[in-house]
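The values are calculated or read from the model by the stated rules, or taken from the named source; none is laboratory data. What you see is a predicted model; the values in this text were computed from it and never measured. Cβ coordinates were reconstructed from backbone atoms using ideal geometry, including for glycine residues, and neighbour counts include every protein chain displayed. Keep in mind that these areas ignore ligands, DNA and RNA; they rest on the heavy atoms of the full protein, side chains included. Shrake-Rupley method; radii C 1.70, N 1.55, O 1.52, S 1.80 Å.
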Amino acid sequence: MDCLFCKIAAGEIPSNKVYEDAEILAFHDIAPQAPVHVLVIPKEHIPSVDGVNAENADLVAHIFTKIPKIAASLGLTGGYRVISNCGDDAGQTVKHLHFHILGGKPLSLTMA
Ligand code: AMP
Ligand code: ZN
């Protein structure tokens, strides 16, 4: 499958990793939108939030148990934002489920 984040998960394309275990990977975004901008992905290909279901819900829960630990490891003591863009209207450019962790400064409240 021609999926950028599957290739990053497989190590075929390099990334600046901040956390990895058997099921998930977190790495710095190549075009950061905030002082800290990290992406968290499942290694298994899930196309988007629309692809979350009963079969992979444990994996998604695993991601969310790790996000606070990853944020702490990045020094985000002042808080952070977690975003997942789902589909074209949201501006999803990589069709592999990912959660943006953004922080390192007070963030704009603009959502649209
Ligand atoms: P989205 O627009 O929500 O699908 O987010 C995709 C994100 O992937 C964007 O913030 C891109 O900057 C980021 N991105 C694209 N290619 C790479 C790459 N090779 N390594 C790290 N981040 C990437
Ligand atoms: Zn993929």
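In the stretch 28-58, how many residues are more than 14 Å from ligand 2 (Cβ to nearest atom), of a type outside the set (A, V, I, L, M) and either in a strand (DSSP E or B) or touching a Lys or Arg at 6+ places or on another chain (Cβ under 9 Å) (or both)? Of the residues in that region, 3 qualify. Looking across the stretch 59-92 at every residue that is in a strand (DSSP E or B) and of a type outside the set (A, V, I, L, M), the one that is least open to solvent (accessible area, probe 1.4 Å) is identified as Arg81. The residues on offer are Ala54, Ala34, Ala22, and the sole one that is open to solvent by less than 60 Å² (accessible area, probe 1.4 Å) and modelled with pLDDT of 95 or more is Ala34. Just give me the residues in the stretch 30-46 being touching a residue at least 24 places away in the same chain (Cβ under 8 Å) and either within 11 Å of ligand 1 (Cβ to nearest atom) or among the hydrophobic types (A, V, I, L, M, F, W, C) (or both), in sequence order. Within the stretch 30-46, Gln33, Ala34, Val36, His37, Val38, Leu39, Val40, Ile41, Ile46 meet the criteria.
Quick one: in the stretch 8-29, which of the residues that are touching a helix residue (DSSP H, G or I) at 6+ places or on another chain (Cβ under 6 Å) and among the small types (Gly, Ala, Ser) is farthest from ligand 1 (Cβ to nearest atom)? Applying the filter and picking the extreme gives Ala26. Scanning the stretch 93-106 for residues that are loosely packed, with under 15 Cβ neighbours inside 10 Å and either in contact with a strand residue (DSSP E or B) (Cβ under 6 Å, 6 or more places away or on another chain) or over 13 Å from Pro47 (Cβ atoms) (or both) yields Lys105, Pro106.
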